[in-house]
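The values are calculated or read from the model by the stated rules, or taken from the named source; none is laboratory data. Bear in mind the structure is a predicted one, so any value in this text is a computation, not a measurement. Cβ placement follows ideal geometry from the backbone for every residue including glycine, while neighbour counts extend to all protein chains displayed. For accessibility, only protein heavy atoms count, side chains too; no ligands or nucleic acids. Shrake-Rupley method; radii C 1.70, N 1.55, O 1.52, S 1.80 Å.
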Amino acid sequence: MRSWREAWQTALYGPGGFYARGSAPADHFRTSVHASGLYAGAVAELLRRVDAALGHPDPVDLVDVGAGRGELLAAVPAHLSPGLRARTRLTAVEIAPAAGAAVRDVAELPRLTGLLVANEWLDDVPLDVVELTADGPRLVLVDEDGTEAPGPAPDPADAAWLRRWWPLAEAGDRAEVGRTRDEAWAAAVGRLERGVAVAVDYGHEATARPRGGTLTGYRAGAQVRPVPDGSCDLTAHVALDAVAAAGRTAGAGDTRLDDQRSALMSLGVDPRRPPLDPGDPAGYLAALRRAGEAAELTDRAGLGRFGWLVQGVGLKVPFPPAATRGRVRRPPAARPPD
């Protein structure tokens with residue numbers, strides 16, 4: 001038996017693992033990128049604001065971490081002006097071979113000036129699971145068939161992380177040790193000389209950690225039991241407040257921690273029903289379709305409840321003030337299926 005972190009790493013990314021076999025996120029769950037082109041339009045609007053705040057550098061970077069098959073980077077340029085499109089340097093970071101990305105890890109990135117986006121990346125970064133027992137916190141060990149057993153005490157670094165970010169109160173309580181996500185995010189933020197880094201993911205705060213944890217699996221659009229045998233995606237929600245602190249340690253300053261509804265609406269995604277226009281039925285139907293897609297992206301019962309962590313390096317986050325600034329609303333319990 002191995003720790004969940006070791007088993008997870010092998011099951012997803014090892015030889016013959018779930019993603020090593022050429023699978024991609026779009027094959028198994030539907031993200032905001034797949035739901036509507038309005039999402040790419042919102043990223044393009046954010047890039048325009050970052051570019052203006054930076055003084056229109058040449059090139060300006062747009063990096064997609066956890067790019068899947070590169071759907072977001074393929075869609076964003078159509079929303080940019082010709083001049084900005086010509087100056088934008090697109091980079092996909094993806095460990096799985098499905099994307100054909102030249103960059104497989106954020107550590108391989110050059111120094112960047114621009115916008116870095118990690119859409120549902122951190123929730124796939126493997127981590128350890130700890131359960132409080134009568135003998136204190138213990139790592140949860142797991143076999144390839146998903147059978148679990150208590151293991152040794154967590155190492156000092158993980159124990160320190162738990163005390164700060166996810167203290168366990170009662171026997172049977174579980175925590176997912178987010179130190180690996182903090183380190184991954186710090187590495188990504190650390191590649192920015194100036195710009196903005198955005199993490200969009202399932203998340204929770206210290207005041208509302210789920211007592212049983214959130215580890216689960218996905219296969220072909222359905223939520224399944226998490227089994228580290230390479231047959232399914234493994235994912236767990238992200239302690240976004242801890243990740244935000246790691247980003248600040250890596251050089252980020254201005255920080256916005258909000259939900260997707262607030263973030264997208266501040267970037268121009270409008271879910272309101274358009275006014276009826278009897279003189280332009282085709283235009284009205286097109287506007288109605290856009291409003292429907294916007295409503296799906298911003299619905300707090302679904303995609304709109306994703307957490308958005310937005311951090312500036314060397315500049316302010318280019319968002320207007322929001323009443324919910326500094327808060328993360330709890331995201332959906334499961335990825336929306338296809």
Quick check on segment 162-172. Is at least one of its residues more than 19 Å from the chain's Cα centre (by Cα), open to solvent by less than 30 Å² (accessible area, probe 1.4 Å) and not acidic (Asp, Glu)?
yes
Just checking, does segment 240-256 include any residue being on the phi > 0 side of the Ramachandran plot and surrounded by 20 or more Cβ atoms within 10 Å (Cβ to Cβ)?
no
Go through (1) assigned to a helix (DSSP H, G or I); (2) more than 16 Å from residue 195 (Cβ to Cβ); (3) open to solvent by less than 20 Å² (accessible area, probe 1.4 Å) and name the single condition residue 68 misses.
(1)
Number of positions in segment 200-238 that are open to solvent by 10 Å² or more (accessible area, probe 1.4 Å) and of a type outside the set (Ser, Thr, Tyr)
20
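When you go through 123, 145, 135 one by one, which is the residue that is among the acidic types (Asp, Glu), more than 20 Å from residue 313 (Cα to Cα) and open to solvent by less than 60 Å² (accessible area, probe 1.4 Å)? Show your work before the answer.
Numbers: 145 fails: open to solvent by less than 60 Å² (accessible area, probe 1.4 Å); 135 fails: open to solvent by less than 60 Å² (accessible area, probe 1.4 Å).
Answer to the check: 123.
Within the group 19, 39, which residue is among the hydroxyl-bearing types (Ser, Thr, Tyr), assigned to a helix (DSSP H, G or I) and either at pLDDT below 90 or open to solvent by less than 10 Å² (accessible area, probe 1.4 Å) (or both)? Give the derivation first.
Working: 19 fails: assigned to a helix (DSSP H, G or I).
39 is the lone residue from the list that is among the hydroxyl-bearing types (Ser, Thr, Tyr), assigned to a helix (DSSP H, G or I) and either at pLDDT below 90 or open to solvent by less than 10 Å² (accessible area, probe 1.4 Å) (or both).
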All but one of (1) touching a residue at least 24 places away in the same chain (Cβ under 8 Å); (2) surrounded by fewer than 21 Cβ atoms within 10 Å (Cβ to Cβ); (3) in contact with a Leu (Cβ under 9 Å, 6 or more places away or on another chain) hold for residue 88; state the number of the condition that does not hold.
(2)
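Condition first: in a strand (DSSP E or B) and either more than 22 Å from residue 47 (Cβ to Cβ) or of a type outside the set (S, T, N, Q) (or both). Can you find one or more residues in segment 258-280 that meet it? Reasoning before the result, please.
From segment 258-280, those in a strand (DSSP E or B) are 258-259; that's our starting set.
When the remaining residues are screened for being either more than 22 Å from residue 47 (Cβ to Cβ) or of a type outside the set (S, T, N, Q) (or both), the result is 258-259.
Yes, segment 258-280 has at least one match.
Say we look at segment 99-144 and pick out the residues that are among the β-branched types (Val, Ile, Thr) and not in a strand (DSSP E or B); which of these is modelled with the highest pLDDT?
In the first step, residues of segment 99-144 are kept if they are among the β-branched types (Val, Ile, Thr); the result is 103, 106, 113, 117, 125, 129-130, 133, 140, 142.
Then keep just the ones that are not in a strand (DSSP E or B); that gives 106, 125.
On the way: 106: 90, 125: 95.
In this case the residue turns out to be 125.
Among the listed residues 83, 66, 114, which satisfies the condition of being on the phi > 0 side of the Ramachandran plot and free of Cβ contacts under 8 Å to residues at least 60 places away in the same chain?
Details: 83 fails: on the phi > 0 side of the Ramachandran plot; 114 fails: free of Cβ contacts under 8 Å to residues at least 60 places away in the same chain.
Selected residue: 66, the only one of 83, 66, 114 that is on the phi > 0 side of the Ramachandran plot and free of Cβ contacts under 8 Å to residues at least 60 places away in the same chain.
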